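Data block below; observations after.
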Amino acid sequence: MIVSDSEIFKASILIVDDQQTNIYLLEQLLAETGYINVSSTMNPQEVCGLHRENRYDLILLDLQMPIMDGFQVMEGLKSDNAEDYIPVLVITAQPSHKLRALQSGAKDFISKPFDLVEVRTRIHNMLEVRLLYTKLENYNAELERTVRERTAELRESEARFRSLTELASDWYWEQDENMNFTKVSGPVLEMLGIRVGPLEGDPADAGSGGWNESERIALQASIAARQPFLDRVFSRVKADGTEQKFKVSGEPMFDRSCRFTGYRGIGVELIERA
């Protein structure tokens with residue numbers, strides 16, 4: 001993320017000084033340097049209102065002014081401003097005021113009498129930081145908006161997917177990396193006699209109940225290889241001696257770091273027609 005010179009020269013600047021000669025000198029210096037959006041005021045009481053209206057990228061603020069000095073102006077800006085960053089560069093002829101100004105919220109200072117190279121450099125550097133700060137704020141806001149929108153889209157997509165799988169199958173299921181059932185929909189609990197692990201507080205026990213051992217071994221091999229499986233048929237013998245058959249499809253799930261997180265899939269009970 002960078003700030004171009006053209007962006008810096010278009011930045012909005014307010015000069016606050018009770019001396020017209022100082023304002024004229026700074027306006028001339030800024031114009032010759034290439035800045036095109038510069039305004040000024042000799043009344044420090046106007047600064048807070050002007051900043052609310054224009055949101056300046058930089059305020060060049062003289063500290064020693066009658067009625068309301070620069071320190072009072074900064075206090076007003078802080079109490080009147082929702083953002084943390086107050087873009088003030090103070091102008092002072094008193095070395096003892098520099099530390100107090102920085103403690104009061106100023107981001108930098110210019111000494112009187114003016115050193116023109118110093119003035120240009122400090123203004124350019126401060127505007128660069130200010131515009132980068134603004135870009136970062138805007139980027140974070142846009143990122144947050146995009147995440148909210150993407151999350152809503154994913155939830156809507158998942159809801160549609162769940163609805164379709166419920167129409168096309170008897171149940172939808174998900175298992176974690178330890179193969180505990182974490183999500184199920186449909187009559188899987190009744191058909192398989194298992195429990196949903198974390199949702200109920202107990203790990204699911206899908207390993208008992210008369211399952212065909214050879215079929216289970218084949219399934220475990222697919223799972224160990226992190227392979228998807230399609231229309232795999234499983235059978236179990238119930239306590240009353242009758243046999244149940246199921247057709248199950250599943251696929252492995254991975255997070256953004258490509259770490260295996262479990263399986264998900266759909267299943268139907270195969271019922272022989274008389």
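Computed values, structure above
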quantity: Rounded Å value of the spacing that divides the Cα centres of region 106-141 and region 230-274; calculated: 64
quantity: Ranking of 133, 139, 172 by count of other Cβ atoms within 10 Å, fewest first; calculated: 139, 133, 172
quantity: For region 104-109, 3J(HN,Hα) per residue [Karplus equation, 6.51 cos²θ - 1.76 cosθ + 1.60, θ = phi - 60°, Hz, x = Gly/Pro]; calculated: 7, x, 5, 8, 6, 8
quantity: The chain, relative contact order in percent, only Cα pairs under 8 angstrom and at least six apart counted; calculated: 11
quantity: Computed helical MRE - 222 nm, the chain, DSSP H runs ≥ 4 contributing -39500 (n - 2.57), nearest 500; calculated: -14000 deg cm²/dmol
quantity: Relative contact order [Cα under 8 Å, 6+ residues apart], region 5-141, whole percent; calculated: 22
quantity: Residue among 256, 226, 52 with the largest mean-square fluctuation in a Gaussian network model of the chain, springs linking Cα atoms under 10 Å; calculated: 256
quantity: Nearby lysines by direct alpha-carbon distance to residue 98 (threshold 26 angstrom, same-chain neighbours under 8 apart not counted); calculated: 78, 107, 112
quantity: Of all DSSP beta bridges in the chain, antiparallel share, percent nearest 5; calculated: 65
quantity: Share antiparallel - DSSP beta bridges, region 5-141, percent rounded to 5; calculated: 0
quantity: Fewest-first sequence of 173, 211 by Cβ atoms within 10 Å of each Cβ; calculated: 211, 173
quantity: Positive minus negative residues near residue 249 (Lys, Arg vs Asp, Glu; Cβ under 11 Å); calculated: +1
quantity: Distant-in-sequence amide H partners of residue 91 (H built 1.01 Å from N, under 5 Å); calculated: 61, 62, 63, 110
quantity: Neighbour-count ranking [beta-carbon atoms within 10 angstrom, fewest first] of 183, 238; calculated: 238, 183
quantity: Residue-by-residue Karplus 3J(HN,Hα) for region 255-263, coefficients 6.51, -1.76, 1.60, Hz, glycine and proline x; calculated: 8, 5, 8, 6, 8, 5, 10, x, 10
quantity: Debye, to nearest 20: dipole size of the chain, +1 on Lys, Arg Cβ, -1 on Asp, Glu Cβ; calculated: 520
quantity: Charge dipole of the chain about the Cα centre (unit charges at C-beta), most positive-ward option of 61, 102, 211; calculated: 211
quantity: For residue 40, residues with placed amide H under 5 Å, excluding near neighbours; calculated: 15
quantity: Within a Gaussian network of the chain (alpha carbon springs, distance under 10 Å), most fluctuating of 240, 18, 57; calculated: 240
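Any read-out appearing in this document is the output of simple, stated calculations on the displayed coordinates, not a laboratory observation. What you see is a predicted model; the values in this text were computed from it and never measured. Positions of Cβ are generated from backbone atoms using ideal geometry, with glycine treated the same way; all protein chains shown enter the neighbour counts.
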